[in-house]
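Below is one structure, written out as C-alpha cells, with a few remarks after it.
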C-alpha cells in the first residue's frame, strides 16, 4: 500500500512525498447515534482505510490529488473556500487545515497532497474520519508538531462539524484514532474518554454493502440530531445520556410521539452498549449478538434510520448458521449491515446471503470480510 501510494504521488506531482500517514475506516459495532447524545459507543478500527502522502511547496500553492478522482484540485494556500462538485472531497483535508488554528496549531502553507483508499464507498465505514485523521497527521508532521492523540481526534471532528457540515459526534474519529488490533474502542462521549475492550477470539466481521443511498449530509442525519436535542430539552436534561431507560419510560407521554421514539432508541441503545461491554469481557459472543440485533430493531422501528434493504439483510443473516447477530453500521438511511460471526461462517454462507438479496432486489451487495486493525499512524 505504501509503495503504491509513493508511486501514484510521484506520477501525479513528479517527485516523491516527504510524509505519509494512514488511518483506518471503522465499524460502528454498537451505539447508533449515541455519540452526539453524550452516550457510550463501541467501534472497531478495521484493516482497511485511507492513506495520505504530502510534500511541501514554497510557492503558496496547494494541490490535492486522489486515486478516486482523475483531476487534481489546485488552490491558493491563503484560501479555505469550501469546494463544490467533483472537487468536494477536498473539503475533508481543507476542514482539517481550517481546524488547526482553533487548537493553537499551525497549518502548512503550500504542498502537494495525494490520498488513496481501499475502503468501499458509501458503506458506513467512515472514510471521512479516516481521511481527516490521516490528513491531520501529515499536516502536523510537515509543521513539526505533535499534539496528543485526543487532540488529533478532536481536530477531525471539528473539521466534520464546522467545515464539512455534518453534526457527527466523536465516534468515527475516536475509533479511527484509538483503534487497536484484536480490540474494540469504547468511548464515553461525555468526556470524551477512550478505552479498549478485548475482542474474544473467534469473532469475525462481515460487511454487506448495499450501495443504496448513504448521504449523511442530505438532512436526514441532521433531522435526527434535532429531534434528539428537542427530546432532551423537553425533558429538562442537557443530553439524553443523562437518563436511564427506567427514568425515561414514565416521561415519554411528555414528548411528541416521533420525538419520544427517538429518545427511547438513544437511551435504550446506551444501555445496550454497556451490556455489550460486559458480555465481551465475559467472552459471551452469543449474548453480544443478541444485543446487536436488538440494536438494529430499535433503529428500524424507533429511530427509523434503516431501510428495507438493510432490514432484509439483517433478517437473512440472523437466520443463517454461525451468525451471532447483525445490525446496520454507520449513520443509516442506506449503506451497510455488519454481521458478527464465528470462524465457521465463510464465503459460501456469504454467497447464500448475497443470492437471496440479489433475487429480491436485482443487485448484489458488496461483501467485505474484515478484521480489527491499528489506529491512525504516521508511516514516514
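The values are calculated or read from the model by the stated rules, or taken from the named source; none is laboratory data. Given the structure is predicted, the values throughout are model-derived calculations rather than measurements. All Cβ positions, glycine included, derive from the backbone under ideal geometry; neighbour counts span all protein chains shown.
Exactly one condition in (1) surrounded by fewer than 20 Cβ atoms within 10 Å (Cβ to Cβ); (2) more than 30 Å from residue 368 (Cβ to Cβ); (3) in contact (Cβ under 8 Å) with a residue 24 or more places away in the chain is not met by residue 254; state its number.
Looking at each condition in turn, residue 254 falls short on (3).
Answer yes if at least one residue in the range 184-207 is closer than 27 Å to residue 309 by Cα and free of Cβ contacts under 8 Å to residues at least 60 places away in the same chain, and no otherwise.
No: the range 184-207 contains no residue that is closer than 27 Å to residue 309 by Cα and free of Cβ contacts under 8 Å to residues at least 60 places away in the same chain.
When you scan the range 122-161, how many residues do you find that are in a loop (DSSP other than H, G, I, E, B) and touching a strand residue (DSSP E or B) at 6+ places or on another chain (Cβ under 9 Å)? So that I can check it myself, show each step before the final result.
Quick first cut of the range 122-161, residues in a loop (DSSP other than H, G, I, E, B) only: 122-126, 143-148.
This time we only want the ones that are touching a strand residue (DSSP E or B) at 6+ places or on another chain (Cβ under 9 Å), so: 122-126.
Final tally of qualifying residues: 5.
Please go through the range 163-188 and pick out each residue that is more than 23 Å from residue 38 (Cβ to Cβ) and assigned to a loop (DSSP other than H, G, I, E, B).
180, 181, 182
Please go through the range 189-231 and give me each residue that is at pLDDT below 90 and either in contact with a strand residue (DSSP E or B) (Cβ under 6 Å, 6 or more places away or on another chain) or in a helix (DSSP H, G or I) (or both), ordered by number.
216, 217, 218, 220, 221, 222
With the requirement that a residue be closer than 21 Å to residue 125 by Cα and in contact with a helix residue (DSSP H, G or I) (Cβ under 6 Å, 6 or more places away or on another chain), what does the range 342-380 give you?
353, 364, 365, 367, 375, 376, 378
If I go through the range 350-366 residue by residue, how many of them are surrounded by fewer than 17 Cβ atoms within 10 Å (Cβ to Cβ) and either modelled with pLDDT under 95 or more than 17 Å from residue 321 (Cβ to Cβ) (or both)? Spell out how you get there, then give the answer.
Within the range 350-366, the subset surrounded by fewer than 17 Cβ atoms within 10 Å (Cβ to Cβ) is 351-352, 355, 358-364, 366.
Now drop any that are not either modelled with pLDDT under 95 or more than 17 Å from residue 321 (Cβ to Cβ) (or both), which leaves 358-364, 366.
Adding up the residues that qualify gives 8.
Would you confirm whether or not the range 267-290 contains a residue that is farther than 24 Å from residue 44 by Cβ and touching a residue at least 40 places away in the same chain (Cβ under 8 Å)?
Going residue by residue through the range 267-290, those that are farther than 24 Å from residue 44 by Cβ are none.
No, the range 267-290 has no match at all.
For residues that are more than 14 Å from the chain's Cα centre (by Cα) and in contact (Cβ under 8 Å) with a residue 60 or more places away in the chain, tally how many sit in the range 335-346. Step through it out loud before you land on a result.
Kept after step one, since they are more than 14 Å from the chain's Cα centre (by Cα), are these residues of the range 335-346: 339-346.
Subsequent filtering for residues that are in contact (Cβ under 8 Å) with a residue 60 or more places away in the chain retains 339-343, 345.
Qualifying residue count for the region: 6.
For the condition in a loop (DSSP other than H, G, I, E, B) and over 24 Å from residue 329 (Cα atoms), what is the one hit in 234, 238? Quick ask: steps written out before the conclusion?
Working: 234 fails: in a loop (DSSP other than H, G, I, E, B).
The conditions single out 238.
Of the conditions (1) without any contact (Cβ under 8 Å) to a residue 24 or more places away in the chain; (2) part of a strand (DSSP E or B), residue 64 satisfies every one except a single condition; which number is it?
It is condition (1) that residue 64 fails.
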